[in-house]
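The values are calculated or read from the model by the stated rules, or taken from the named source; none is laboratory data. In this text, all values refer to a predicted model and were calculated from it rather than measured experimentally. Every residue, glycine as well, gets a Cβ built from its backbone with ideal geometry; the counts of neighbours run over all protein chains shown. Areas reflect the complete protein model, heavy atoms only, side chains present, ligands, DNA and RNA absent. Shrake-Rupley method; radii C 1.70, N 1.55, O 1.52, S 1.80 Å.
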Amino acid sequence: MLVAVVVVTGVVAPAGRSAAALTGRVVVNATSALDSTSAKSLTISCPNRTVAIGGGGWVEGDEVAGNVHLDGIVPGRIGAGIVTVSASERADGYADDWRLHGSALCIDEPSSYEMVSARSVKDSNFYHTAIAACPPGKQLIGFGGQAAIETGAAVALIAVIPDVDLTEVL
């Protein structure tokens, strides 16, 4: 039996802060080796005195669709300045070579920011959903998500979506 859980994370700061107030924006990219390793992970570090508020990732290779999937794009704990991007092959393997690409979105550390997260129910249902809500007076400035399993079977992270008001991430 497959047992899975989804975790979503939001990086939040006081509401009303404009994008221009988030200074020091830089994107840091990383790429794994092109090989047939079954699981890959990139830990991408932000430059000194900046923090990670989110990131992105994708897999590259011949016919990777349905064979390799993203497991997570997760900003590190407050002040860590890292994003971890991970992907893995389907449960029965994939013989071809593939590569993982990842990006970290970094900014100067804002005052009064924090991370919120939520976990789905851990069970054998096909789909899992979690909603991380901002505390009153705060809004999202970044986010991430991760699919976790307990049996070695492949579970894909399908979507991590902020709401239009930037008060929740699903």
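From the list Val59, Val64, the one residue that fits, being assigned to a strand (DSSP E or B) and not small (Gly, Ala, Ser), is Val59. Only a single item in (1) buried (at least 18 other Cβ atoms within 10 Å of the Cβ); (2) over 21 Å from Pro162 (Cβ atoms); (3) out of contact with any Ser or Thr (no Cβ under 7 Å at 6 or more places or on another chain); (4) of a type in the set (Lys, Arg) is not met by Lys40, and it is number (3). Please work out which one of (1) modelled with pLDDT under 85; (2) buried (at least 18 other Cβ atoms within 10 Å of the Cβ); (3) over 20 Å from Lys40 (Cβ atoms) is the condition Gly81 fails and give its number. Result: Gly81 fails condition (1) only.
When the residues of the stretch 43-54 are filtered to those that are part of a strand (DSSP E or B) and out of contact with any Leu (no Cβ under 6 Å at 6 or more places or on another chain), the one that is most open to solvent (accessible area, probe 1.4 Å) is Thr43. Tell me, yes or no, whether the stretch 87-105 has at least one residue that is part of a strand (DSSP E or B) and modelled with pLDDT under 85. Looking through the stretch 87-105, none of the residues is part of a strand (DSSP E or B) and modelled with pLDDT under 85. Screening the stretch 131-154 for residues that are out of contact with any Ser or Thr (no Cβ under 9 Å at 6 or more places or on another chain) and crowded, with 19+ Cβ neighbours inside 10 Å and picking the one that is modelled with the lowest pLDDT gives Ala147.
Taking the criterion of being closer than 20 Å to Ala91 by Cβ and aliphatic (A, V, I, L, M), the only residue of the stretch 35-58 that qualifies is Ala39.
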